[in-house]
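Q: I have a structure here, written as C-alpha cells, and I will follow up with some questions on it.
The values are calculated or read from the model by the stated rules, or taken from the named source; none is laboratory data. Keep in mind the model is a prediction, meaning the values are calculated, not measured. Don't worry about glycine lacking a Cβ; one is built from the backbone with ideal geometry, like all the others, and counts go over all protein chains shown. Ligands, DNA and RNA are stripped out before the accessible areas are found, and what is left, the full protein with its side chains, is counted by its heavy atoms. Shrake-Rupley method; radii C 1.70, N 1.55, O 1.52, S 1.80 Å.
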Amino acid sequence: MTTSDRRDFLRLMGATAATAALPESIGRALAIPANNLTGTIADVEHIVVLMQENRSFDHYFGALRGVRGFSDPHPVTLPSGKSVWHQPNGASEVLPYHPTAPNLGLQFLADLPHDWTSGHAAWNQGNYDQWAPNKSALTMAYLKRDDIPFHYALADAFTICDAYHCSIMGPTDPNRYYMWTGYVGNDGAGGGPVIDNAEKGYGWSTYPEQLQAAGISWKIYQDVGLGLTAAGYWGWTSNPYIGNYGDTSLLYFFQYQNAAAGTPLADRAKTGTNISAKGTLFDVFKSDIANGALPQVSWISAPEAYTEHPNWPPNYGAWYVSEVLNALTANPDVWSKTVLFICYDENDGFFDHMVPPTVPISSDLGKSTVDTTGELFTGSADYPVANYPAGPYGLGVRVPMLVISPWSKGGFVNSQLFDHTSIIRFIEQRFGPNNAALREQNISPWRRAVCGDLTTAFNFATPNQAVPALPSTTAYVPPDNQRHPNYIPLPPATQSLPSQEPGLRRARALPYVMNATGHVDHANGAFTINFSNACNVGVCFQVRSGRAGDTPRSYTVGAGASLSDSWALNGDYSYSVHGPNGFLRKFVGSTSSKDDFVVNSSYEASGHEIAVSVANQGPTVGGVTITDVYTGRRLVMGLPPGASFTRRFDLRETFGWYDLTVAINAAGNFTQVLAGHVENGQDSFSDPAIGGATRGPRAS
C-alpha cells in the first residue's frame with residue numbers, strides 16, 4: 001500500500017505514533033504466502049476454530065464499511081409500521097446507540113438475558129419487535145472502529161461473513177453442541193433435546209469421534225484450570241484468568257467424561273496447559289506449532305476473561321486473538337497451510353437487525369420443499385425440559401465470523417447464509433467430501449440445504465495478494481486480574497439512526513439465483529406469490545405483510561425447486577419478500593381496482609443485466625414508471641390493454657446490484673420493488689447503497 005494509504009489506515013484504526021509499530025508476527029499473518037500446491041481446498045492442512053462468546057453482528061460490526069449493517073437500504077418493517085431499528089420500549093422506542101464511556105472496548109459492559117425463552121420472546125414469531133422488553137434497552141448498544149480497532153482491522157485484512165447466524169435461539173452450550181455435533185439431540189437421542197445450559201451429561205455422537213474413526217487428527221487447546229473433571233467443573237473456575245470457562249462442551253458428553261487417560265478422547269479433549277503450574281496460556285499450542293504437531297483439526301477454548309463474554313471487555317479478547325495469531329505465524333510453514341475461524345457462539349442479548357431464517361412454525365405460516373424434520377421444538381410436554389415454549393430451534397441471531405487464513409486475505413465480505421454447522425461441513429469438504437464416514441448425520445436436511453459450507457469465503461486458486469497490516473494489541477493486556485463492575489449505559493435523550501462507514505468492500509461470489517413474483521387473483525380475491533430457486537443451494541424467504549395482525553411467513557425453496565402460496569384479500573395489500581444478500585420483492589396495490597398488471601424479472605447469464613417485463617391484462621391504459629434508485633434514471637411509458645414490454649437494465653455501474661421501483665398510475669397505488677444482486681460466479685463489491693452512494697461507482 002502507498003504511504004498515504006498506510007497513514008489513512010492507521011488513522012482509521014485510531015493508532016498514534018506510539019502504536020503504529022506492528023508486531024512482526026502479526027505482519028507475517030498477512031505476508032506469509034498461502035500453500036498453493038493444488039489451487040484447491042486440498043492445500044489446507046490445518047483447521048483451527050476459536051469460538052468466542054456472546055456478541056451480535058450489529059453490536060460489533062453494524063458500523064463497519066461494506067457489510068449489511070446500519071445503512072441496510074431495505075430493513076424489515078415492524079408491526080408498528082416503522083423499520084426494525086425502532087424497537088418498542090414501553091410507551092417509547094429505542095434505536096441503536098453508541099455508549100459514551102471512554103475506551104469503550106475496555107469497558108465491562110453488562111451481560112443481558114440470552115436464554116431460549118427471552119430469545120424467542122424477542123423474535124416474537126418473526127415479528128422481531130420485543131427486544132427491549134425482554135433484553136432491556138442495553139440490547140441496542142453498539143461499538144464501532146475506535147472502540148474495537150483490532151476486530152475491524154481483522155475484517156479489513158481478511159474476510160468477514162455478514163450472514164453467519166448462531167445455530168439456535170438459545171444460550172452458549174446448545175450453540176456449541178451444534179458446532180461439535182451438528183444438533184442438540186433434537187430427536188430425543190442421548191438425553192436431548194438440550195436448549196439450555198443444564199450440563200446434565202449427554203450421549204449422542206460427536207464429530208471429533210468421527211474424525212478419530214477416520215484417522216483425522218484433532219485436539220482441544222485450553223487451560224486445565226482446577227482440572228478437567230467434574231470436581232473441577234470441566235474447566236470452569238472462579239478465577240476467570242485460568243480454565244476454559246466451561247466452553248469445551250464436549251466434556252458434557254459421557255463418552256468424554258468416562259474416557260480413561262491414554263485414550264484418544266481423554267488425551268485430545270481432557271488435557272491442556274496449566275497456568276497454575278507457572279505455565280502460560282499457549283504453552284501446548286505454541287509447542288505443537290513449533291514442532292510441526294498441530295493437528296488437522298483443532299478447537300480453542302479461552303479462559304473466561306478473554307472470551308469477550310459480557311461483562312468482560314472485547315479488547316481482552318482482541319489481545320487473546322492476537323496471541324493465537326502470534327503462535328500460528330511463528331512457524332510460517334504451518335501458517336501457510338492453516339485456516340483460523342473466529343466466531344461467536346451466540347449474541348448474548350444484543351440486537352441484530354437481520355431476522356433469522358427459520359422453518360415455518362406451522363403449516364399456515366409457510367412452506368418448505370425441503371424436509372424440516374428436527375427443526376421445530378414442540379414444547380416441554382413432549383421433551384425432557386421444562387417451561388420452555390414451542391418454536392423453531394433456529395437459526396439464531398446473526399453473529400460475527402472472521403475467516404483468517406492465507407486464502408481469505410483482502411478485506412472481503414461473504415454474504416452466504418451460514419451457521420455453526422457450516423464449520424463441520426467445511427471440515428467435511430476438506431477431509432471427506434466423498435467419505436460417508438465423515439458426513440455428520442446429525443445435521444438436519446434443512447440446515448444442509450440452506451446453510452453453506454464456508455468454502456465460498458476463500459480464494460484457493462490465486463490467494464497470494466497484498467493486504468493491509470493489523471494494529472498492535474499490546475494496550476489491551478488486562479491491567480489486573482479483577483472483574484470490574486458492570487457498565488450499563490443509557491440511550492441518549494435524543495435518538496437517531498446510526499451511520500455506517502462509507503465506501504465499498506470487495507465481496508465474494510455467491511451461489512444464489514432466486515426470484516419471487518406476485519399477482520392478484522381477482523377471481524378468488526387472493527394475492528399469490530411464486531418463489532423460484534435456480535441455484536444449487538436452498539434459499540429461505542420471509543414474507544411480511546403490511547396488514548395489522550398478520551404473522552410473518554417463512555418459505556424454504558430447495559435447489560432447483562419452486563413453490564407458491566396465497567393470501568386472502570379484500571381491499572389494499574402490501575407484502576414484502578426478504579431473501580439472502582439484500583434480496584427484496586415488495587408488492588403494493590389494491591383489489592378494488594379492475595386493473596391487472598403482472599411484473600416479472602429475469603437475470604442475464606453474464607450478471608450484467610436484469611430484464612423487467614410488464615404486462616397489462618386489465619381493461620384500461622396504464623402509465624408505467626420504472627425508477628432505478630441507484631442511478632436516478634426513469635423509464636416512463638403508456639401500456640394499452642393486452643400489451644406488454646420488456647426493458648433491460650445494465651448493472652455494470654453498480655457491480656450487479658439493482659433497486660428498481662415499478663409504479664403504475666392506472667391501478668391505484670400499484671407499486672412493486674425489485675432489489676438484490678445478480679451473481680455471475682465472479683467476485684464483486686458490496687452494495688453501493690450501504691456504502692452511501694446514490695449512484696454506483698463505475699466499474700474499471
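Q: When you scan the range 420-462, how many residues do you find that are within 21 Å of GLN212 (Cβ to Cβ) and in contact (Cβ under 8 Å) with a residue 12 or more places away in the chain?
A: 19
Q: Please list, ordered by first then second residue, the pairs with beta carbon atoms under 9 Å, 6 or more apart or interchain, first in the range 486-501 and over 18 Å from PHE70 (Cα atoms) and at pLDDT below 85, second open to solvent by less than 90 Å² (accessible area, probe 1.4 Å) and aromatic (Phe, Trp, Tyr).
A: Close Cβ pairs satisfying both conditions: ASN486/PHE108; TYR487/PHE108; PRO489/TYR97; LEU490/TYR97.
Q: Report, ordered by the first and then the second residue, all pairs with beta carbons closer than 6 Å, sequence separation of six or more or different chains, a first member in the range 556-575 that is among the aliphatic types (A, V, I, L, M), and a second member that is open to solvent by 30 Å² or more (accessible area, probe 1.4 Å) and assigned to a strand (DSSP E or B).
A: LEU563/LYS367
Q: Would you list the strands (runs of 3 or more DSSP E) that sit entirely within the range 473-562 and hold 2 or more residues that are touching a Pro at 6+ places or on another chain (Cβ under 8 Å)?
A: Fully inside the range 473-562 and qualifying: 539-545, 553-557.
Q: To continue, here is another question. Please verify whether the range 347-367 includes one or more residues that are assigned to a strand (DSSP E or B) and either in contact (Cβ under 8 Å) with a residue 60 or more places away in the chain or surrounded by fewer than 23 Cβ atoms within 10 Å (Cβ to Cβ) (or both).
A: Yes, the range 347-367 has at least one match.
Q: For the range 626-680, enumerate the residues that are among the charged types (D, E, K, R) and assigned to a strand (DSSP E or B).
A: Within the range 626-680, ASP628, ARG634, ARG647, ARG648, ASP650, ASP659 qualify.
Let's see how each residue does on (1) at positive phi; (2) within 28 Å of the chain's Cα centre (by Cα):
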{"residue": "GLU199", "(1), (2)": "yes, yes"}
{"residue": "THR206", "(1), (2)": "no, yes"}
{"residue": "GLN212", "(1), (2)": "no, no"}
{"residue": "GLN222", "(1), (2)": "no, yes"}
{"residue": "THR229", "(1), (2)": "no, no"}
{"residue": "THR237", "(1), (2)": "no, no"}
{"residue": "SER249", "(1), (2)": "no, yes"}
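Q: What number of residues within the range 244-263 satisfy the criterion of being touching a residue at least 40 places away in the same chain (Cβ under 8 Å), under 17 Å from THR181 (Cα atoms) and either open to solvent by 10 Å² or more (accessible area, probe 1.4 Å) or hydrophobic (A, V, I, L, M, F, W, C) (or both)?
A: 5
Q: Any residue in the range 518-530 that is small (Gly, Ala, Ser) sitting within a Cβ distance under 6 Å of a residue that is open to solvent by less than 50 Å² (accessible area, probe 1.4 Å)? List the pairs, counting only those 6 or more apart or interchain.
A: Pairs that qualify, where the first residue is small (Gly, Ala, Ser) and the partner is open to solvent by less than 50 Å² (accessible area, probe 1.4 Å), are GLY518/ILE529; GLY518/PHE587; GLY525/LEU569; ALA526/LEU569.
Here is a yes/no grid of residues against (1) free of Cβ contacts under 8 Å to residues at least 40 places away in the same chain; (2) under 25 Å from GLY452 (Cβ atoms):
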| position | (1), (2) |
| --- | --- |
| ALA163 | no, yes |
| GLY182 | no, yes |
| GLY215 | yes, no |
| LEU228 | no, no |
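Q: If you check ASN600, ASN616, which single one turns out to be at pLDDT 90 or above, crowded, with 22+ Cβ neighbours inside 10 Å and either under 29 Å from GLY525 (Cα atoms) or out of contact with any Lys or Arg (no Cβ under 6 Å at 6 or more places or on another chain) (or both)?
A: From the options ASN600, ASN616, the qualifying one is ASN616.
Q: For TYR241, which of the numbered conditions (1) of a type in the set (Phe, Trp, Tyr); (2) crowded, with 21+ Cβ neighbours inside 10 Å; (3) assigned to a loop (DSSP other than H, G, I, E, B) fails to hold?
A: (2)
Q: Output yes when any residue across the range 166-183 is of a type outside the set (A, V, I, L, M), within 28 Å of SER496 (Cβ to Cβ) and at pLDDT 95 or above, and no when none is.
A: From the range 166-183, those of a type outside the set (A, V, I, L, M) are 166-167, 170-178, 180-183; that's our starting set.
Checking the rest, the ones that are also within 28 Å of SER496 (Cβ to Cβ) come to none.
Checked the range 166-183: no residue is of a type outside the set (A, V, I, L, M), within 28 Å of SER496 (Cβ to Cβ) and at pLDDT 95 or above.
Q: Okay, next question. With the requirement that a residue be assigned to a loop (DSSP other than H, G, I, E, B) and either open to solvent by 40 Å² or more (accessible area, probe 1.4 Å) or over 24 Å from GLY503 (Cα atoms) (or both), what does the range 60-98 give you? Talk me through it step by step, then tell me what you get.
A: Let us first name the residues in the range 60-98 that are assigned to a loop (DSSP other than H, G, I, E, B), namely 62-76, 78-82, 84-86, 90-91, 95-96, 98.
Of everything in the range 60-98, those that are assigned to a loop (DSSP other than H, G, I, E, B) and either open to solvent by 40 Å² or more (accessible area, probe 1.4 Å) or over 24 Å from GLY503 (Cα atoms) (or both) turn out to be ARG65, PRO73, HIS74, LEU78, PRO79, SER80, GLY81, LYS82, HIS86, GLY90, ALA91, HIS98.
Q: Just one of (1) touching a strand residue (DSSP E or B) at 6+ places or on another chain (Cβ under 6 Å); (2) open to solvent by 60 Å² or more (accessible area, probe 1.4 Å) trips up SER590, so point out which.
A: Condition (2) is where SER590 drops out.
Q: Could you please find all residues in the range 253-280 being touching a strand residue (DSSP E or B) at 6+ places or on another chain (Cβ under 6 Å) and not small (Gly, Ala, Ser)?
A: Answer for the range 253-280, where residues must be touching a strand residue (DSSP E or B) at 6+ places or on another chain (Cβ under 6 Å) and not small (Gly, Ala, Ser): PHE253, ARG268, THR273, ILE275.
Q: Can you find even one residue in the range 672-684 that is of a type in the set (Asp, Glu), touching a His at 6+ places or on another chain (Cβ under 8 Å) and either open to solvent by 30 Å² or more (accessible area, probe 1.4 Å) or at pLDDT 95 or above (or both)?
A: Within the range 672-684, not a single residue is of a type in the set (Asp, Glu), touching a His at 6+ places or on another chain (Cβ under 8 Å) and either open to solvent by 30 Å² or more (accessible area, probe 1.4 Å) or at pLDDT 95 or above (or both).
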